[in-house]
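The structure under discussion appears below in the form of structure tokens.
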There are 6 protein chains.
Amino acid sequence: MYSVTVRDHVMIAHSFRGDVFGPAQRLHGATYVVDVEMSRPDLDADGIVVDIGRAGETLKRILAAINFRNLDEVAAFAGRNTTTEFLARFVFDEMVQAMDRGDLGPGAQAVERMKVTLHESHVASAAYEARITPRA
Amino acid sequence: MYSVTVRDHVMIAHSFRGDVFGPAQRLHGATYVVDVEMSRPDLDADGIVVDIGRAGETLKRILAAINFRNLDEVAAFAGRNTTTEFLARFVFDEMVQAMDRGDLGPGAQAVERMKVTLHESHVASAAYEARITPRA
Amino acid sequence: MYSVTVRDHVMIAHSFRGDVFGPAQRLHGATYVVDVEMSRPDLDADGIVVDIGRAGETLKRILAAINFRNLDEVAAFAGRNTTTEFLARFVFDEMVQAMDRGDLGPGAQAVERMKVTLHESHVASAAYEARITPRA
Amino acid sequence: MYSVTVRDHVMIAHSFRGDVFGPAQRLHGATYVVDVEMSRPDLDADGIVVDIGRAGETLKRILAAINFRNLDEVAAFAGRNTTTEFLARFVFDEMVQAMDRGDLGPGAQAVERMKVTLHESHVASAAYEARITPRA
Amino acid sequence: MYSVTVRDHVMIAHSFRGDVFGPAQRLHGATYVVDVEMSRPDLDADGIVVDIGRAGETLKRILAAINFRNLDEVAAFAGRNTTTEFLARFVFDEMVQAMDRGDLGPGAQAVERMKVTLHESHVASAAYEARITPRA
Amino acid sequence: MYSVTVRDHVMIAHSFRGDVFGPAQRLHGATYVVDVEMSRPDLDADGIVVDIGRAGETLKRILAAINFRNLDEVAAFAGRNTTTEFLARFVFDEMVQAMDRGDLGPGAQAVERMKVTLHESHVASAAYEARITPRA
């Protein structure tokens, strides 16, 4: 399996509901350094997994929608704890939709697996990884 | 699959037996920067894999048992080469036991896979990864 | 000149006032990975710059005062933009006060320079560095 | 599954053919920081996956063959785009051949999986990962 | 002294003349991860050293002029070895000119020192650092 | 001022004497990732600070003398705490001697400052930095 990984980051505010979060129930924030790894079994005719330039631009656009935001006020996240795990899945789903729209070019149709990792500090990260084919 | 990863470190002395180890047969030491990645297919009701605070405390407690020690004198390791690979498995097994005792909270029962990576320098690391369910 | 550096992190929310900040005028947040480097010309009798354990605990306590907070609501920061630069100076000043109180032990009286660096992402950081002796 | 990872780097020039590469169609270059992760289900009698010293030397020798080269002039790569993905596979195949020749010692026969990752910058990497057993 | 640092990267080909370079006399290439640290004694009225957004854009524009190029064919570098040290100085001089043109905003006039570091691998880097005031 | 930095590592055992060290009074060990930064005001005729290849080889040879050793048994360190700070100075002094012997080539005579940093974990490091000219 071949893969490529692109990295970008996003800076947000949010709060959590639930005793398990302790002081993180207060309004606070995070920088997430985001890695998106896309995998497919064979390379295309150009010798690549996907156009890494378009992959990076797509990731930047997805993150821009939440960058410099208080996620507690983002309608799409209402009633949810926007944990690092949850946001890894959010970026994952947005990337799949972007691929299906053709934002990464035709090669992205061959991507079979994807892993999105959000590093929230030098000592903690969370990720979501799954097969993404076949896609309806 | 969702995952969270926590990081800590430990500083130990040890020596190895076997020609393959060359000069590392002498008493020497290492700093291991330790990453523990825990994975489960779905998030809990709070939106997390496990309580990352308790995961970090558990890892710190496991490492404290061997921190600032000469592993050649640790009874539990008698007759074994405490290689980076071996120690990755040691931390893995200790984490599973801690989960089974409930040290990471009830959510840890849903953790299906775990990977423990020990970075011994900027150019070398070792890991142990396995499914941990079902557990007896 | 000898130095030691300790690292920890803090997660906060805040907003900025001023056109220069663009979208960062909205409420958002950051993880700051914080490095504190303390320098002195000679080592003490034990062969160290300062007790690195106490230095780390002191840094953790200083960061705890703002960790998981919305800095817009911290009285001490009223009317100020809590930029990365500003916060580097805040940590610097708090460290100096802690040294003067003896929190890092007697060796800290010999520390002549300090540099506090806050990494806000994998591509940006800010720092404050200054001589701290003689101190009144 | 146990694994060990060794790291080295290589500095090359090359150009790409294909509109997808944009300005990278021009002659340019890259530093690749290369990670080779080798995995097997059990440790050998010494408690290791492979001799990490020999693994590192083998990787260095493989990279030396292309280090400080213009890959456009390497006969083995004629007619191919030497993308990061392609080079990850090249290093992978060379490592398998080295294992089959015994360069990493007898333990390498037990290696079942391998992942080769090439970091081309602080924000992009590519990898090739596959089972390597049974080998003909 | 306050400072801010921004990071970007560039991928180039080049060759060196001189026995000291050994195999690097051949046409090869490098990825340089570039850090630009700008320092001034006091913050501006907004609480910053310079507009970090404009600093990053300026660095990207400077690097774009040589990105995906064979530096052996860049007229401005004719007759020079484009070593990592030399390129650190090149970026430094370009940043000073950009500041003098106002590309980083009025705050950049107060920048007194700058350090440009180019990381050519995980084990080697070079830098150029100097006072930049007073400027003619 | 121009500088180049080379990186290598060393793995040692040791123990400390003094209450300030707490559990580190026991025999333990460390991996030190070592950075040596050499600075001079102008580049040589080849466009470099020093021959980075020879600088790296010299650092490796210096570290080899203590690699895989119990520093408590190294005669040259008798009666001393081999703290990270102390070892930074040891590497510094050895590098100066190597320069004076000509191990780094004639260009090393122009090196005016040097900084040696030892990273003992992902959260702690120590360094020694000084002018090294004029040398007797």
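The values are calculated or read from the model by the stated rules, or taken from the named source; none is laboratory data. Remember, it's a predicted structure, so these values are computed and weren't measured experimentally. Note that each Cβ is placed from the backbone with ideal geometry, even for glycine, and that neighbours are counted across all protein chains shown. In case anyone asks, the SASA skips ligands and DNA or RNA and just uses the protein heavy atoms, side chains included. Shrake-Rupley method; radii C 1.70, N 1.55, O 1.52, S 1.80 Å.
For the range D:10-63, treating each Cα as an identical point scatterer without solvent, what Debye log10 I(q)/I(0) comes out at q = 0.17, 0.19, 0.27 1/Å?
-0.70, -0.77, -1.06
For peptide A:87-93, what's the mean number of Cβ atoms from other chains within 10 Å of each residue's Cβ?
1
Return a whole-number percent for the relative contact order of the range C:94-136, with Cα pairs under 8 Å and 6 or more residues apart as the contact set.
Numbers: 39 pairs, mean separation 13.7, N = 43.
In percent, rounded to a whole number, it is 32.
Count of lysine pairs in the protein assembly as shown with Cα atoms under 26 Å apart, counting only pairs 8 or more residues apart in sequence or on different chains?
Value for the protein assembly as shown: 15.
With a cut-off of 8 Å between alpha carbons and a minimum separation of six or more residues, what is the relative contact order of chain E in percent? Numbers along the way, then the final one.
On the way: 242 pairs, mean separation 39.8, N = 136.
Computed value for chain E: 29 percent relative contact order.
Between D and C, which D residue has the Cβ nearest their rotation axis, distance in Å?
Rotation axis D onto C, closest Cβ, rounded to whole Å: D:HIS122, 3.
Starting from a label point 7 Å past Cα on the Cβ side, list the distances from D:ARG61 to the same position in the other copies, nm, shortest first.
Output for D:ARG61: 2.5, 4.9, 4.9, 5.1, 5.7 nm, nearest copy listed first.
The range B:31-57: which residues show an accessible-area loss of 10 Å² or more, assembly versus chain alone, 1.4 Å probe?
B:THR31, B:VAL33, B:GLU37, B:LEU43, B:ASP46, B:GLY47, B:ILE48, B:ASP51, B:ILE52
Total Å² of accessible surface buried at the A-D contact, 1.4 Å probe, nearest 100?
What A and D bury together is about 1300 Å².
Note the angle between two axes, namely the Cα long axis of helix D:84-101 and the longest principal axis of the Cα atoms of chain D, as a number of degrees from 0 to 90, rounded to the nearest 10.
Taking Cα atoms only, the helix is inclined about 30 degrees.
Could you state the angle between the C-alpha long axis of helix D:52-64 and the longest principal axis of the C-alpha atoms of chain D, as a value from 0 to 90 degrees rounded to the nearest 10?
20 degrees
Report ³J(HN,Hα) in whole Hz for each residue of the range B:29-38, in order, from the Karplus equation J = 6.51 cos²θ - 1.76 cosθ + 1.60 where θ = phi - 60°; Gly and Pro get x.
Whole-Hz 3J(HN,Hα) from phi for the range B:29-38: x, 7, 9, 10, 8, 10, 10, 10, 10, 10.
Can you give the accessible area of C:ARG135 in Å² (nearest 10), computed on protein heavy atoms with a 1.4 Å probe?
Answer for C:ARG135: close to 60 Å² accessible.
Kindly give the distances from C:PRO106 to its copy-mates, label point to label point, with each label point 7 Å from Cα along Cα→Cβ, as nm values to one decimal ordered shortest first.
So the label point of C:PRO106 gives 5.3, 5.3, 5.5, 6.1, 7.8 nm to the other copies.
With +1 on each Lys and Arg Cβ and -1 on each Asp and Glu Cβ, and nothing else charged, work out how big the dipole of the protein assembly as shown is about its Cα centre, in Debye to the nearest 20.
In debye, rounded to 20, the protein assembly as shown gives about 0.
Tell me the carbon and sulfur percent of the accessible area for chain C, rounded to whole percent, probe radius 1.4 Å.
Numbers: 2640 of 5330 Å².
Carbon-and-sulfur percentage of accessible area, whole number: 49.
For the range D:59-78, state which residues have at least 50 Å² less accessible area in the presence of all protein chains than in their chain by itself, taking the probe as 1.4 Å and leaving out ligands, DNA and RNA.
Residues losing area: D:PHE68.
For the protein assembly as shown, divide the Cα radius of gyration by the Kirkwood radius and give the resulting Rg/Rh value with two decimals. Each step should come with its number before you reach the end.
Values: Rg = 25.9 Å, Rh = 27.7 Å.
Expressed as Rg/Rh, it is 0.93.
Give the Kirkwood hydrodynamic radius (Å, one decimal) of the range C:40-136, defined as one over the mean of 1/r across all pairs of different Cα atoms.
Roughly 14.6 Å, rounded to one decimal.
Please list, in order, the residues from the range F:101-127 whose amide nitrogen is less than 20 Å from a point placed 7 Å along the Cα→Cβ vector of F:ALA65.
Under 20 Å, as judged by backbone N against the label point of F:ALA65, lie F:101-106, F:108-109, F:114-119, F:127 of the range F:101-127.
Counting only heavy atoms of the protein chains, get the accessible area per residue of the protein assembly as shown (1.4 Å probe) and round it to a whole Å² value.
Working: 31930 Å² over 816 residues.
Using a 1.4 Å probe on heavy atoms only, each residue of the protein assembly as shown averages 39 Å².
Using the Cα centre of the range F:36-110 as origin and beta-carbon charges of +1 (Lys, Arg) and -1 (Asp, Glu), tell me which of F:VAL91, F:ALA64, F:VAL36 is placed farthest towards the positive end of the dipole.
About the Cα centre, the residue reaching furthest to the positive side is F:ALA64.
For C:ILE132, enumerate residues with amide H under 5 Å from its amide H, sequence gap 5+ or separate chain, H modeled in the peptide plane.
Here C:ARG113, C:MET114 satisfy the definition.
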